[in-house]
Structures are given as structure tokens and as C-alpha cells.
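To keep things clear, I will list the structure first and then write my remarks on it.
Bear in mind these aren't lab numbers, they're just calculated from the coordinates by the rules spelled out. Not measured: the values here are computed from a predicted model. Virtual Cβ from ideal backbone geometry, glycine too; neighbours counted across all protein chains shown.
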Amino acid sequence: MADLVLRAARIADDIDPVDIVVTGGHITDIGPAQAVSGITEIDCAGRVVIPGLVESHLHVDKALLDRERPNPDGTLAGAIAVTGELKRGFTAESVRARARQVLDLAITNGTTVIRAHPDVDPIVGLLGVEVLLELRAEYRDLLDLQIVAFPQEGILKAPGTLDLLREALRRGADVVGGCCYNEADLADCHRHIELVFELAAEFGVPIDIHADFADDAADPRFALADRVAEVTERTGMSGRVTLGHMTSLSGRPPAERRATMARLAAAGVAVVPLPATDMHLGGRADPIAVRRGIAPVRELWEAGVLTAVSSNNVRNAFTPYGNADLLDIGLFLAQTAHLSGEADMARLLAMVTEVPARIVGIGDRYGLRVGAAADLVVLSTHRVADALLDRPDRCYVLKRGRVVARTTRTRELLRPTISPVHPDSGVLSHA
Ligand SMILES: [Zn+2]
């Protein structure tokens with residue numbers, strides 16, 4: 001007997017629904033009408049099943065701060081300043097409480113893997129990393145949590161940060177982060193990149209850098225993707241480097257940005273646009289024709305750059321919206337990046353599932369296939385192509401074959417019925 005069988009699951013729109021058999025936390029069979037029975041059986045009745053959502057870029061430690069103090073001017077500088085002030089009041093209890101809230105939301109919304117980017121700097125020290133190390137253990141049966149040691153305040157600009165990053169990695173952070181635009185001048189930005197790669201080599205970890213986060217590349221601190229690609233190739237880090245934001249790419253002349261994207265693709269550097277933040281903070285100085293301020297997603301696809309999408313922030317000075325819902329973020333990207341139609345919808349769904357799984361390094365054990373971990377989500381929709389458009393309920397969320405969240409909701413259309421009223425009134429009464 002199997003541990004669990006999902007009956008009549010829609011996994012593709014061009015084949016009949018299949019049964020998914022799970023044993024020992026892994027998918028052991030996929031096919032029509034499997035004879036085996038399960039200790040637990042879920043009748044999907046033709047509803048769509050997708051692999052668990054993968055949030056590759058989320059600031060769990062800074063989530064839900066908006067109610068304490070919002071962004072005074074809506075800019076990136078304003079967000080960094082107000083969050084820097086709020087960070088001075090952080091305690092382990094306050095960070096833990098907000099982080100738990102956002103992790104719970106994400107799980108309920110179908111997320112089974114999160115790469116979290118807690119700040120590491122002289123203001124908070126290792127507080128965020130320590131809380132997330134605790135939560136990584138506490139949540140281990142609910143989701144896989146990766147921890148990025150993230151120098152939000154810069155490395156050279158905030159003396160002491162380099163030692164803190166090293167200590168975070170020593171204590172168990174999985175990834176070294178960067179914020180290469182947040183330095184005093186271009187030379188320091190270049191040094192910042194070198195330091196991040198040196199730490200990655202020292203600890204044998206991947207790299208995830210916030211980069212080129214501006215409306216355009218007028219300031220060269222926001223046009224460092226080519227340099228990151230060059231260092232990636234030089235250090236043999238291909239396939240282990242990710243860049244978040246990358247909004248200034250859209251502001252560069254077409255030939256120039258195509259050359260940069262070709263370079264990123266050749267170097268094996270992935271890109272994660274963060275549209276909820278990018279759209280909110282971008283274009284603030286544009287008096288007319290306000291720019292969208294998001295990376296050119298279709299061009300990144302065409303250039304062959306591994307491109308995912310992620311939430312970044314939930315309700316703080318950087319992004320005063322959100323429910324840690326990656327399907328929502330995928331739909332938002334569709335609406336803001338001129339993406340539509342079944343082919344685009346399939347690529348968007350991959351941008352919150354298979355692609356980020358590869359980016360966070362779990363691609364070999366992920367997906368709707370035999371042998372993969374049974375991280376699965378049953379959606380309240382019957383067409384895979386509608387997984388984003390329908391804004392479906394996450395009926396069941398499975399982590400390694402165990403149901404970890406469930407949504408049940410009744411929606412009824414109450415059709416008006418004609419009551420036997422006075423023949424002259426013609427009144428419709430609602431049943
Ligand atoms: Zn971020």
C-alpha cells in the first residue's frame with residue numbers, strides 16, 4: 001500500500017487526468033488509474049496539480065513592517081532608510097513573530113521551498129540569521145528554508161559587515177548575498193562583488209546578489225550585470241549565481257541590453273525580477289509616462305537567461321502589498337510585462353516552480369515525475385493554462401507527501417428564480 005494517492009489529477013491540458021502515487025515522501029508512480037491504494041487518498045476530480053511553489057527571493061525578517069512605519073516617499077532610498085530605523089528596534093521575538101506569520105501564509109498559498117534573505121549588518125548583526133536558523137528547524141516538515149546572508153546596507157559602506165557575513169556562513173547560512181549598488185562609489189561596488197565571490201569560494205556556497213535596481217543605468221553602480229557575469233566565468237561559478245531585480249536593463253538601449261543578456265546566459269547567471277517591489281519603487285522621478293521599472297522578461301527568455309519571479313517583500317516599505325502568494329506574483333508579472341496566451345502562461349508557471357527550483361539548487365529532485373519529492377499543490381481549477389488566471393484556491397498543499405495545508409471554500413451562485421407573484425408585478429425574487 002502507498003502512503004498517499006492523488007486520484008484524477010490534471011497535470012497537463014493535453015492528456016487525461018492521472019493518479020499520482022506517493023511513498024516515503026517521493027512520487028513513485030504517475031499514470032492513469034493506478035491499481036495501488038493509499039493510506040490517504042485524495043480525489044482531485046480533474047483538478048490541476050502542480051509541483052510546490054518555490055519562492056527564490058523573500059525577506060522574511062522584514063515582512064509586515066508596513067503597519068509600524070510606511071515608506072515616507074515611495075523610493076528605494078526611502079525604503080532602505082525607514083527600514084534601517086525600524087531594524088534598530090528588532091528583537092528575536094518580533095522578528096520571529098512576523099517571520100512565522102509570513103511563512104504560514106506562504107505555505108497555505110502552496111509554497112514548499114523558500115530562499116530567505118535576512119539582513120546581516122552592524123544594525124541587526126546576526127539576529128535575522130539566527131531567527132531563521134531556528135525557524136529552518138521548526139518548519140522542516142512544512143517547507144525547506146534556505147538562508148542567504150544578505151548585506152542590505154553594503155559591505156564597505158557598513159564596516160564590520162564582512163566579518164558578520166563570514167560568521168553567518170559559519171553558523172549555517174546556505175548562500176552568500178550581495179547588494180552591489182549600495183556602496184559609496186563604483187570602485188567600492190566592484191570590490192563588493194569581489195568580496196561576495198571570495199566568501200562563496202571560502203564556504204563553497206552559491207551567490208544571490210541584489211543588482212541593477214534603478215530605472216536606468218545613468219549611475220554606473222546600477223549597471224553591474226556584465227561585471228558579475230565576467231567574475232562568474234573567471235571563478236568557475238557558472239550555474240550558482242543569481243541576480244535579483246535587474247530593472248535598469250529595461251532602460252538601456254536595445255543592442256546594449258541584448259549584449260548584457262547574452263553575456264548572462266553564457267555565464268550561467270540567473271535573473272529573478274521582483275515585480276511587486278520593482279513596480280512600486282520604480283519610476284518615482286518620472287514626471288510623465290512613468291516607467292514600469294521591471295526587467296525585460298520576454299527578452300530574458302529569448303536570450304536564454306534562466307529567469308524566475310519572486311515576491312521579495314510582503315507589506316513593508318519596499319512593497320506595501322502581498323500575501324506571500326507566488327501565483328499572485330506570477331499573474332502580476334503577466335499583467336505588467338505584456339505576457340499573455342497559453343505559451344506565456346506555461347512559462348510564467350515555470351517561473352514560480354521549475355525554474356526557481358533549479359536556481360535554488362533542487363532541480364534534480366523536484367517536479368511532477370517519478371523519483372521527485374512529493375511537494376505538490378492541488379488547485380481549484382481544471383486547466384493548467386488557467387492556474388494563474390483563475391486565482392485558484394490551494395485545496396491541498398503537500399510537503400514530502402504529507403498534507404500541510406488545506407483550503408476549503410464554498411462559492412455559490414444564487415440564481416434568481418421567478419416566484420409566483422401577482423401577474424402584473426413581474427418582480428424577480430432571489431431564492
Ligand atoms: Zn530583495
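Structural remarks
- Zone residues, region 268-286, relative to residue 350, backbone N less than 19 Å from point 7 Å out along Cα-to-Cβ: 268-274
- Likely footprinting exposure, 157, 62, fewest C-beta neighbours within 10 Å first: 157, 62
- Dividing the summed helix terms, -39500 (n - 2.57) for each DSSP H run of n ≥ 4, by the number of residues in the chain produces a 222 nm estimate of -9500 deg cm²/dmol to the nearest 500.
- Here, the chain yields an orientationally averaged convex hull projection of 25.8 nm² when only Cα atoms define the hull.
- Fewest-first ordering of 377, 309 by other beta carbons within 10 Å of each residue's beta carbon gives 377, 309.
- Karplus 3J(HN,Hα) series, Hz, for region 389-394 with 6.51 cos²θ - 1.76 cosθ + 1.60 (x for Gly, Pro): 5, 6, 6, x, 5, 9
- For the chain, built as a Gaussian network whose Cα springs stay under 10 Å, the top-fluctuating residue of 404, 60, 290: 290
- Extension gain (nm, one decimal) between residue 69 and residue 140, 0.36 nm per residue minus Cα-Cα: 22.4 nm
- Here the contact order of region 53-362, divided by its residue count and restricted to Cα pairs under 8 Å and six or more residues apart, works out to 20 percent.
- Using θ = phi - 60° and Karplus 6.51 cos²θ - 1.76 cosθ + 1.60, couplings along region 250-257 (whole Hz; Gly, Pro as x): 5, x, 9, x, x, 5, 5, 6
- Expressed in units of 2.2 N^0.38 Å, where N is the residue count, the Cα radius of gyration of region 1-76 is 1.77.
- Largest mean-square fluctuation among 23, 408, 91, in a Gaussian network model of the chain whose springs join Cα atoms under 10 Å apart, belongs to 408.
- Distant-in-sequence amide H partners of residue 19 (H built 1.01 Å from N, under 5 Å): 8, 9, 31, 33, 34
- Using Cβ point charges alone (K and R +1, D and E -1), the dipole size of region 131-170 about the Cα centre works out to roughly 180 debye.
- Inter-centroid distance (Cα atoms) of region 228-274 relative to region 18-80, Å: 27
- Zero-based 10 Å bins, Cα pair distances in region 66-141, whole percents: 16, 45, 33, 6, 0
- Under 5 Å between amide hydrogens, built in the peptide plane, is the criterion, and for residue 4 it picks out 22, 39, 40 among residues at least 5 positions away or on other chains.
- When the convex hull of its Cα atoms is viewed from all sides, region 1-130 shows a mean projected area of 11.2 nm².
- Residues of type lysines that residue 157 reaches as a straight line, Cα spacing below 24 Å, ignoring anything fewer than 8 places off in the same chain: 62, 87
- Residue 289 paired with residue 233, simple spin-label distance in nm, labels 7 Å along Cα-to-beta-carbon: 3.4
- Spacing of the modelled spin labels on residue 299 and residue 406, each 7 Å from Cα toward Cβ, amounts to 4.9 nm.
- Label-zone membership for region 284-306, site residue 338, 7 angstrom Cα→C-beta point, backbone N under 19 Å: 289-305
- Comparing 347, 391, 234 in a Gaussian network model of the chain, where Cα atoms under 10 Å apart are tied by springs, the biggest mean-square fluctuation is seen for 234.
- Interchain or long-range residues, amide H under 5 Å from residue 381's placed H: 48
- Summary of packing: across the peptides 41-53, 269-281, the per-residue average of other C-beta atoms within 10 Å ranks them, highest first, as 269-281, 41-53.
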